[in-house]
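The values are calculated or read from the model by the stated rules, or taken from the named source; none is laboratory data. Here the structure is a predicted model, which is why all the values come from computation and not from measurement. Positions of Cβ are backbone-derived with ideal geometry, glycine not excepted, and every protein chain shown enters the neighbour counts. These area figures cover heavy atoms from the full protein model, side chains too; ligands, DNA and RNA do not enter into them. Shrake-Rupley method; radii C 1.70, N 1.55, O 1.52, S 1.80 Å.
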Amino acid sequence: MTGSSDDLYELHDEIDSQVQSFERAAAASAGPAEATDESRSIEVRAAADGGIEQLTIRDTWREHYPPAGLGAAVLATYASAGAERARGWSTTLAEDLDDDSARPRPTPFAHETVVGQLQEIMDAQPDRAVDVETSLNALVGILHEMNQGLDQTVRIVRERAAAEHPGRSSSGKVVATVNGAGVLTGLEYDEQWLENRHAYNITRETTEAVEAARRTAAMATPSDPIDGTPLADVIRTTQDPRALAERMRFTG
């Protein structure tokens, strides 16, 4: 038994060390990432959540792009900023995983875990007889619900992430599109409007359109990706010791 316990603790330490590496890599790449196009007429500083912290479009863009190509050029520069962040994340992660000095966090105390709290609920009712078969059937039911709802939940989450949400600038001459995560996926300009517009106004209305699209996406997409899916209730139950105790007929 002792050997099995030691194996479990070793597994916990190994998993936790890797989880910490991912967390540190994510924290290191949480700041803004910047990119500039080859002509240096477009600069983008993108936030970790996909938003644009700062956009600069200079009047020199006309020397390098036709009006019909400006949207694609801004989008490509934005994508370059995202790629730069991904490279930084992967580099940090690789270096962290190679660092032998990382230490796992302490194993949680029993009373801090759902299983430990569930045991405390049972211990508080020493005179209550537990119907083992009923409890096992309830547990099997929970597992069945999870298996049944998994595919549909994955489909819903993917559809939400891929959904496109448009936004317009104040004049309506710039239309931006973002996905469910708020990442810019499309940008269109009224080409006639672009002809005589100063770069400052183009920049301002581009930013307006992106922000409008991201607001629309935020309203349409739950902050918790599991909300509203078949797994939402069952996951909440498994994370709530009292709800789990009731489901398994440990209380009454």
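Key figures for this structure:
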{"read-out": "Test: residue in the stretch 219-230 that is at pLDDT below 95, under 25 Å from Ala83 (Cβ atoms) and among the small types (Gly, Ala, Ser)", "value": "no"}
{"read-out": "Some residue of the stretch 213-224 being open to solvent by 50 Å² or more (accessible area, probe 1.4 Å), among the basic types (Lys, Arg) and within 30 Å of Ile142 (Cβ to Cβ)", "value": "no"}
{"read-out": "Filter result for the condition that a residue is modelled with pLDDT of 85 or more and open to solvent by 70 Å² or more (accessible area, probe 1.4 Å), over Arg242, Arg204", "value": "Arg204"}
{"read-out": "Qualifying positions in the stretch 125-149 - modelled with pLDDT of 65 or more and open to solvent by 60 Å² or more (accessible area, probe 1.4 Å)", "value": "Glu133, Leu136, Asn137, Leu139, Val140, Leu143, His144, Glu145, Met146, Asn147, Gln148"}
{"read-out": "Pairs with Cβ under 7 Å, 6+ apart, first in the stretch 61-75 and touching a residue at least 24 places away in the same chain (Cβ under 8 Å), second open to solvent by less than 10 Å² (accessible area, probe 1.4 Å) and part of a loop (DSSP other than H, G, I, E, B)", "value": "Trp61/Ser41; His64/Ser41"}
